[in-house]
1. Which of (1) buried (at least 17 other Cβ atoms within 10 Å of the Cβ); (2) at pLDDT 95 or above does Phe157 not meet, given it meets every other one?
2. Looking at the stretch 137-148, can you tell me whether even one residue there is touching a His at 6+ places or on another chain (Cβ under 9 Å), surrounded by fewer than 19 Cβ atoms within 10 Å (Cβ to Cβ), in contact (Cβ under 8 Å) with a residue 40 or more places away in the chain and acidic (Asp, Glu)?
3. When the stretch 72-87 is examined, which residues are found to be surrounded by 21 or more Cβ atoms within 10 Å (Cβ to Cβ) and either more than 24 Å from Gln211 (Cβ to Cβ) or touching a helix residue (DSSP H, G or I) at 6+ places or on another chain (Cβ under 6 Å) (or both)?
4. Give just the number: which of (1) in contact with a Leu (Cβ under 9 Å, 6 or more places away or on another chain); (2) open to solvent by 30 Å² or more (accessible area, probe 1.4 Å); (3) free of Cβ contacts under 8 Å to residues at least 60 places away in the same chain does Gly175 not satisfy?
5. Those residues that are closer than 12 Å to Gly217 by Cα and either small (Gly, Ala, Ser) or free of Cβ contacts under 8 Å to residues at least 60 places away in the same chain (or both), I need them from the stretch 35-48; list them, please.
6. Return the only residue of Thr121, Thr93, Thr155 being polar (S, T, N, Q) and under 15 Å from the mean Cα position of the chain (by Cα).
7. Restricting attention to the stretch 98-106, does a residue exist that is within 23 Å of Ala205 (Cβ to Cβ) and open to solvent by 30 Å² or more (accessible area, probe 1.4 Å)?
Amino acid sequence: MGRVTTLRPLDLDTWPRRETFEHYFRRNRCTFAATVDVDVTALVGALPGSGRKTYPSQVWAIATVVNRHPALRMSMSDDGVPGVWDRLDPMFTVLNPERETFCAVRVPYDADFAVFHDAATALLTEHRHATAMFPQGPPPDHTFDISSLPWTSFTGFALQVEHGWEHLRPIWTIGRFRESGGRTLMPLALQIHHAAADGLHAARALADLEQLLAEPGWLA
């Protein structure tokens, strides 16, 4: 868990979105949420023969997209300057079925799916019966959140975060798969601060994710 990542300050004099950032972070604070149906037919078809688990695969795919898009890796430095992390690690929920509570665990992102899958699977097993919300200790700043609601499908999902006006990193929520027209669809909600990303950035990331899940050769 000790891999180093750095928050690199943006050059405000040359950053094209500086005015937009200032507007949505300083004057008219605003977050937005988008919920989409992601076609996961190919992924669902490939998983049974791969020996891989669904949830770590979902988490890796989302983390891969986050780490491809600088707008999804933004945070504020301690001295109030916006920056972009070299790498963000996913933090995702694990259900304790006996207590009906959850904990949140984090895995360093690795572009090698097999490495990430094995680390995530081990953590899911290790912390399945955890009673603390953060069994690995307080989460570091270079994490972003993924939650799973495998019990229900949804067409809209949004979080109301009390101190969310300064939270620039994305929050993802995965819903239960459903069938439609011979395709398997995964409800997915993305919530992010408007100071960090516009609709264009969100749309590009979601399209990137759908493409990644449509070509699941990385499972092998």
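1. (2)
2. Within the stretch 137-148 (the criterion being touching a His at 6+ places or on another chain (Cβ under 9 Å), surrounded by fewer than 19 Cβ atoms within 10 Å (Cβ to Cβ), in contact (Cβ under 8 Å) with a residue 40 or more places away in the chain and acidic (Asp, Glu)), the answer is no, since none of the residues qualifies.
3. If we filter the stretch 72-87 for residues that are surrounded by 21 or more Cβ atoms within 10 Å (Cβ to Cβ), which is where we start, we get 72-74, 82, 85.
The answer is Leu72, Pro82.
4. All conditions pass for Gly175, except number (2).
5. Result: Ala42, Gly45, Ala46.
6. The match here is Thr93.
7. yes
Listed here are the residues, each with its yes/no results for (1) under 14 Å from the mean Cα position of the chain (by Cα); (2) under 17 Å from Arg68 (Cβ atoms).
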position: Glu162; (1), (2): no, no
position: Trp165; (1), (2): no, no
position: Ile171; (1), (2): yes, no
position: Glu179; (1), (2): no, no
position: Gln191; (1), (2): yes, no
position: Ala195; (1), (2): no, no
position: His201; (1), (2): no, yes
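The values are calculated or read from the model by the stated rules, or taken from the named source; none is laboratory data. Predicted, not measured: the structure shown is a model, and the values here were computed from it. Here Cβ is always computed from backbone atoms with ideal geometry, including for glycine, and neighbour counts include all displayed protein chains. Just the protein is used for accessible areas: all its heavy atoms, side chains included, with ligands, DNA and RNA removed. Shrake-Rupley method; radii C 1.70, N 1.55, O 1.52, S 1.80 Å.
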